[in-house]
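Worksheet for the structure shown next.
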Amino acid sequence: MTKNQSSAIVIGAGIAGLAASIRLALKGFSVLVLEANAYPGGKLSEIEEKGYRFDAGPSLFTMPQYVDELFALAGKNPRDYFHYHRLPLLCKYFYEDGLVLEAHAEPEKFAREVEEKMGEPAENILRFLTKSAEKYQLTNEVFLENSLHRLQNYFSKATGWGLINFHKLDAFETMHAVNQRSFRDPRLVQFFNRYATYNGSNPYQTPGTMNIIPHLEFGIGAYFPKGGMYQITQSLVRLAQDLGVVFQLGCRAEEIIHQGPKVEGVRYRQSDGQENILRADCVVSNMDIVGTYRHLLPRLKAPRRLVSQPKSSSAIIFYWGVRQSFPALALHNIFFSQDYQAEFASMFESQWIHPDPTVYLNISAKEAPEDAPPGCENWFVMVNAPNNAGQDWDKLIAQVRRSVLKN
Ligand SMILES: Cc1cc2nc3c(=O)[nH]c(=O)nc-3n(C[C@H](O)[C@H](O)[C@H](O)COP(=O)(O)OP(=O)(O)OC[C@H]3O[C@@H](n4cnc5c(N)ncnc54)[C@H](O)[C@@H]3O)c2cc1C
């Protein structure tokens, strides 16, 4: 740190914390990242055991441009740090009635597949995907690339354009209602309803605007990073370190120290129990917002609307090393439940998992054979779950395990 350099502490080395640390370093701050875990990445981390490697959380890589952007901002070539390729097949869908649908990334090919297997006219799919792209273009700059917490963003050209075209966003209908009037085949409605789960929403409640999500896959593309999802974390840590960011792992922040609105530093505890205080001109929290207000800023009145928002759904994941290989399976697979509406009612109303849940199966060894021993597969098996409301999780996990194995 030079004499006049401002200092920043980032609490958490998740993907957002890493991106923030890189941006702060590029703005000239001397940056320290405090991470509670012994490893960086947060949800974007990995597990290795007995010759099997699993990406612990995210498995689908969309919008790689936002990762590349960080390297470009630093004047680096992203390809010197990490590689990825576009997937021609997005996902394989298995329905209860025996139908197997291949979601090809190329919209025309996918539309032909749906017409052939479901009898749904190809033009319905193409029209729907065009609308998805349009919704994305109308909302991307306003919601994704800018903060809704800054007044000036409400007066931008993009917001004005979004408002003029507001009727195209289907904001006053549910995603399910929009999908139901867009398609004849209920299985296709179920297919597009599933995109609500990408941000932990319920398609029977979330607005039709969320139909922007299919565009991320069919329009912008789904990708696979060489070496697995964890390479995103690894490459960003390398970039951050190249920019002088310092990481202190195994350090849990316990309080953001402030005098009124002015931040002064962070009190944290090391894994050996020792407590320290570090001064900083700027503090960024990558911890969940509710945790940040409740635990790190106990003396500050939390904005009630922010901390009382309904919570998204959660997930139960099994990491299974399987001593066999299954040619009928792809990198991403979905085994749909028979009654999707009942499944969501169970998750969001009864806060329990339906006895017949939809199962997502990711096998990274399909793209990266080194992730499993020869002739074997690394199964990441995920079932959407209600958010934590004090359920008996052991009982819930045992029930899910039985349902998954039965299927
Ligand atoms: C099972 C699952 C599957 C997913 N699949 C996908 C997918 O396929 N594609 C996709 O794009 N997204 C997916 N997501 C979402 C994606 O993983 C998250 O949006 C993203 O990883 C969140 O990153 P983050 O940095 O905001 O938070 P996190 O990854 O949660 O990082 C927060 C970090 O802060 C640290 N921390 C917290 N409190 C403290 C403290 N007091 N002191 C110090 N450190 C602290 C934590 O240890 C953690 O490292 C998935 C999420 C899950 C859970």
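Bear in mind these aren't lab numbers, they're just calculated from the coordinates by the rules spelled out. What you see is a predicted model; the values in this text were computed from it and never measured. Reconstructed Cβ throughout: ideal geometry from the backbone, glycine too, with neighbour counts over all protein chains shown.
Numbers below:
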read-out: Hits in segment 281-307 - residues which are among the hydrophobic types (A, V, I, L, M, F, W, C) and within 14 Å of the ligand (Cβ to nearest atom); value: VAL283, VAL284, MET287, ILE289, VAL290, LEU296, LEU297
read-out: Residues that are within 20 Å of the chain's Cα centre (by Cα) and within 16 Å of the ligand (Cβ to nearest atom), drawn from segment 308-329; value: GLN309, LYS311, SER312, SER313, SER314, ALA315, ILE316, ILE317, PHE318, TYR319
read-out: Failed item, numbered, when THR233 is tested on (1) within 30 Å of SER182 (Cβ to Cβ); (2) part of a helix (DSSP H, G or I); value: (1)
read-out: Residues that are touching a residue at least 60 places away in the same chain (Cβ under 8 Å) and surrounded by 21 or more Cβ atoms within 10 Å (Cβ to Cβ), drawn from segment 359-379; value: ASN362, SER364, ASP371, ALA372, ASN378, TRP379
read-out: Single unsatisfied condition, ALA74 versus (1) surrounded by 19 or more Cβ atoms within 10 Å (Cβ to Cβ); (2) under 28 Å from ASP288 (Cβ atoms); (3) over 21 Å from the mean Cα position of the chain (by Cα); value: (1)
read-out: Strands (runs of 3 or more DSSP E) completely within segment 279-363 that count 1 or more residues being more than 30 Å from VAL10 (Cα to Cα); value: 314-322, 332-335, 359-362
read-out: Any hit, segment 221-236, residues being surrounded by fewer than 17 Cβ atoms within 10 Å (Cβ to Cβ), within 12 Å of the ligand (Cβ to nearest atom) and within 30 Å of LEU34 (Cβ to Cβ); value: no
read-out: Count of segment 1-55 residues which are under 16 Å from ASP281 (Cα atoms), of a type in the set (Val, Ile, Thr) and either surrounded by 17 or more Cβ atoms within 10 Å (Cβ to Cβ) or in contact (Cβ under 8 Å) with a residue 40 or more places away in the chain (or both); value: 5
read-out: Sole exception among (1) within 25 Å of ALA16 (Cβ to Cβ); (2) more than 16 Å from the ligand (Cβ to nearest atom); (3) not β-branched (Val, Ile, Thr) for PRO88, by number; value: (1)
read-out: Residues (more than 9 Å from the ligand (Cβ to nearest atom) and not in a helix (DSSP H, G or I)) located in segment 11-28; value: LYS27, GLY28
read-out: Qualifying position, being assigned to a loop (DSSP other than H, G, I, E, B) and under 30 Å from MET118 (Cβ atoms), among ARG194, ARG184; value: ARG184
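Conditions (1) over 23 Å from ASN384 (Cα atoms); (2) part of a helix (DSSP H, G or I), marked per residue:
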residue	(1), (2)
LEU44	no, no
ILE47	no, no
PHE54	no, no
PRO58	no, no
VAL67	yes, yes
LEU70	yes, yes
PHE82	yes, no
